[in-house]
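Notes follow the structure.
The values are calculated or read from the model by the stated rules, or taken from the named source; none is laboratory data. Bear in mind that the values here come from a model prediction, so they are computed numbers and not experimental data. Quick reminder, even Gly has a Cβ in these numbers, built from the backbone with ideal geometry, and neighbours come from all protein chains shown. For the accessible areas, the whole protein counts, side chains as well, though only heavy atoms, and no ligand, DNA or RNA atoms are used. Shrake-Rupley method; radii C 1.70, N 1.55, O 1.52, S 1.80 Å.
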Protein chains: 2
Amino acid sequence: MKLYDMKQAPNPRRVRIFLAEKGIEIPSQQIDIGAGENLKAPFLAINPRGTLPTLQFDDGSIIDESIAICRYFEMSQPEPNLMGRDAMEAAIIECWQRQMEFDGIMSVASIFRNTAPNFAKRARPGSGPDTPQIPALAERGSILLSAFYESLNTRLGETEFIAGDRYTIADITAFVTVDFAKWVKMRVPEAHSNTQRWYDAISARPSSTA
Amino acid sequence: MKLYDMKQAPNPRRVRIFLAEKGIEIPSQQIDIGAGENLKAPFLAINPRGTLPTLQFDDGSIIDESIAICRYFEMSQPEPNLMGRDAMEAAIIECWQRQMEFDGIMSVASIFRNTAPNFAKRARPGSGPDTPQIPALAERGSILLSAFYESLNTRLGETEFIAGDRYTIADITAFVTVDFAKWVKMRVPEAHSNTQRWYDAISARPSSTA
């Protein structure tokens, strides 16, 4: 088993933090997205979609979606539990995880991918068709990310963690979103004390450096 | 328990098909997105995000992401299984489900929401900030949907169903995508015989009319 990874990229980091929380260590190999290594023949032979992270098994089969990789390890080693212990809890955590993903990480990505000079002709990750950047989509991303920050601060005024009273995969996605947003210079507003309290707590976990 | 639903909309349909496959019947109430009923006070009091489908429990708590609603019913009633029986199968199905969602249904949505006159100022679903339509995003959606159709036909030349040799939630998302794409007049190309074979088979299931 091997994890194809990129130290700086947000989605691989979600998996690394998840594994660190589980205490699972697996071999990994760095792939440089900035240099286009994910779109060159050697990596495309492993994963034709050209996306990271990619988990490869010894028979060559792969899992190439962050949350699906997390699901594999959650079901293989259920504790410490990060995705829910029963139907109700799993569904609530999945709601929050997806909300953090769609409203958070995707808003940052839409700013970053539609403005970064490296991605002028490839505003979408992976090996799909060329898609030029759309400046208006970066603007929309800024509006959505601001709204995300407001809702995050509201939520964290109600509960200790994103999905309730314990740390889950939803916190991982939100935490990675906040750090990813530094790339586009949209930090958590200083007045958002609930989010600041939560961010400090998550940062203090050993997994945060993964 | 009650499902807030809209008969015509693609995401609620995913849940209805899933429930039909499980043989689960629950009360439902129609909410008219076209008339903006999802953004008015009575529904926002139930789900502040204003999105459909929304599953509401008798204590008022809600689950408002299609896949999370499916997860709830999958864990409550595991058979017939639609999301995987072990870690490996669940991860593979989740990969395919997400790929159908990101590359398929979201591509159609980006065309529809950025062109339909009803959504001129609200190109994103739900109660978030106003976001004007972006014509270039609809164009990008057309490129991505064409690429999705190509990859779908390739995949269905290799396997009977999307995620392998049996029907799963990945087929539900893909099937709903294909029907949703009729709204934007981008049907499956006639030459895509693998997809046509699969579409006919899925259409023949009783759940397809849900």
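How large is the Kirkwood hydrodynamic radius of the range A:76-139, in angstrom, based on all distinct alpha carbon pairs?
On the way: mean 1/r = 0.0716 Å⁻¹.
Averaging 1/r across every pair of different Cα atoms and inverting gives 14.0 Å.
Provide, for q = 0.12 Å⁻¹, the log10 of I(q)/I(0) from a solvent-free Debye sum over equal Cα point scatterers in the protein assembly as shown.
After summing over all Cα pairs, the log10 values are -1.03.
Starting from the Cα gyration tensor of chain A, take the square roots of the eigenvalues, sort them a ≥ b ≥ c, and report rounded, prolate or oblate (rounded when a/c is under 1.5, otherwise prolate if a/b is larger than b/c, else oblate). Spell out each step's value before the answer.
Numbers: a/c = 1.96, a/b = 1.11, b/c = 1.77.
Here chain A falls in the oblate category.
Partner chain Cβ atoms within 10 Å, averaged over the residues of A:90-101 - can you pull that number for me? Don't skip to the end; give the middle numbers.
Numbers: counts 5, 13, 7, 2, 8, 11, 2, 3, 5, 5, 0, 1.
So the per-residue partner count for this stretch is 5.
Largest first and to the nearest Å, give the Cα extent of the range A:1-43 along each principal axis.
32, 21, 9
Would you kindly derive the ³J(HN,Hα) couplings of the range B:137-152 from the backbone phi angles with the Karplus curve 6.51 cos²θ - 1.76 cosθ + 1.60 (θ = phi - 60°), listing them in order in whole Hz, with x for Gly and Pro?
6, 5, 5, 4, x, 5, 4, 5, 5, 4, 5, 4, 4, 4, 5, 5
Which of A:A109, A:A120, A:A41 moves most in a GNM of chain A, Cα contacts under 10 Å?
With Cα springs under 10 Å in chain A, the top fluctuation among A:A109, A:A120, A:A41 is at A:A41.
Could you work out the helix-only [θ] at 222 nm for the protein assembly as shown, with each DSSP H run of four or more residues adding -39,500 (n - 2.57) and the total divided by the number of residues, to the nearest 500 deg cm²/dmol?
Working: 16 runs with 192 residues, N = 420.
The helix contribution divided over the protein assembly as shown gives -14000 deg cm²/dmol.
When Lys and Arg each count +1 and Asp and Glu each count -1, what net charge do the other residues less than 13 Å away from A:L156, Cβ to Cβ, add up to? Mind dumping the intermediate values first?
Values: positive: A:R155, A:R197; negative: A:E150, A:E158, A:E160, A:D165, A:D171, A:D200.
The answer is -4.
In whole Å, what are the extents of the range A:134-210 along the principal axes defined by its C-alpha atoms, from largest to smallest?
38, 28, 21
For the range B:7-15, take each phi angle, set θ = phi - 60°, evaluate the Karplus expression 6.51 cos²θ - 1.76 cosθ + 1.60, and give the result in whole Hz per residue in order, putting x for glycine and proline.
Result, rounded to whole Hz: 3, 7, 7, x, 5, x, 5, 4, 5.
How large is the accessible surface per residue of the range A:80-210, computed with a 1.4 Å probe and reported in Å² as a whole number? Mind showing how you got there, number by number?
On the way: 5480 Å² over 131 residues.
Ligands and nucleic acids excluded, the result is 42 Å² per residue.
Rounded, prolate or oblate: which fits the range A:1-115 when a ≥ b ≥ c are the square roots of the eigenvalues of the alpha-carbon gyration tensor, with rounded for a/c under 1.5 and prolate only if a/b beats b/c?
Numbers: a/c = 2.17, a/b = 1.26, b/c = 1.71.
Note, shape of the range A:1-115 comes out oblate.
Note down the accessible area of B:F148, probe 1.4 Å, to the nearest 10 Å².
For B:F148, solvent-accessible area is about 10 Å².
Once the Cβ-Cβ distance between B:I24 and B:D165 is put in as r, and R0 is 30 Å, what FRET efficiency do you end up with, to the nearest 0.05?
On the way: r = 24 Å, r/R0 = 0.81.
It comes out at approximately 0.75.
Hey, rough spin-label estimate for B:D32 and A:S76, points 7 angstrom out along Cα→Cβ, what's it come to in nanometres?
Label at B:D32, label at A:S76, 5.2 nm between them.
Give me the percent of the accessible area of the range B:107-210 that comes from carbon and sulfur atoms, probe 1.4 Å, all protein chains in place.
Details: 2570 of 4680 Å².
The nonpolar share, carbon plus sulfur, comes to 55 percent.
Show B:E37, A:E65, A:E25 ordered by accessible area, largest first, where the area counts protein heavy atoms only and the probe is 1.4 Å. Could the numbers behind the result be given before it?
Values: B:E37 70, A:E65 20, A:E25 175 Å².
Correct descending sequence by accessible area is A:E25, B:E37, A:E65.
How do B:R14, A:R16, B:R85 stack up against each other in accessible area, from largest to smallest, with a 1.4 angstrom probe? Let's see the in-between values first.
Values: B:R14 10, A:R16 30, B:R85 140 Å².
Ranking B:R14, A:R16, B:R85 by accessible area, largest first, yields B:R85, A:R16, B:R14.
Provide the buried accessible surface between chains B and A in square angstrom, both chains summed, 1.4 Å probe, rounded to the nearest 100.
Heavy-atom accessible area buried at this interface is about 3600 Å².
Once label points are set 7 Å from the Cα along Cα→Cβ at both B:N194 and A:A204, what is their separation, rounded to one decimal in nm?
Those two pseudo-labels are separated by 5.3 nm.
Compute, for B:E158, the solvent-accessible surface of its heavy atoms (probe 1.4 Å) with the complete set of protein chains present, and express it in square angstrom to the nearest 10.
My reading of the accessible area for B:E158 is about 130 Å².
What are the ³J(HN,Hα) values, in whole Hz, obtained from phi via the Karplus relation 6.51 cos²θ - 1.76 cosθ + 1.60 with θ = phi - 60°, for each residue of the range B:19-28 in sequence order, with x given for Gly and Pro?
My calculation for the range B:19-28 gives 5, 4, 4, 7, x, 9, 10, 9, x, 9 Hz in order.
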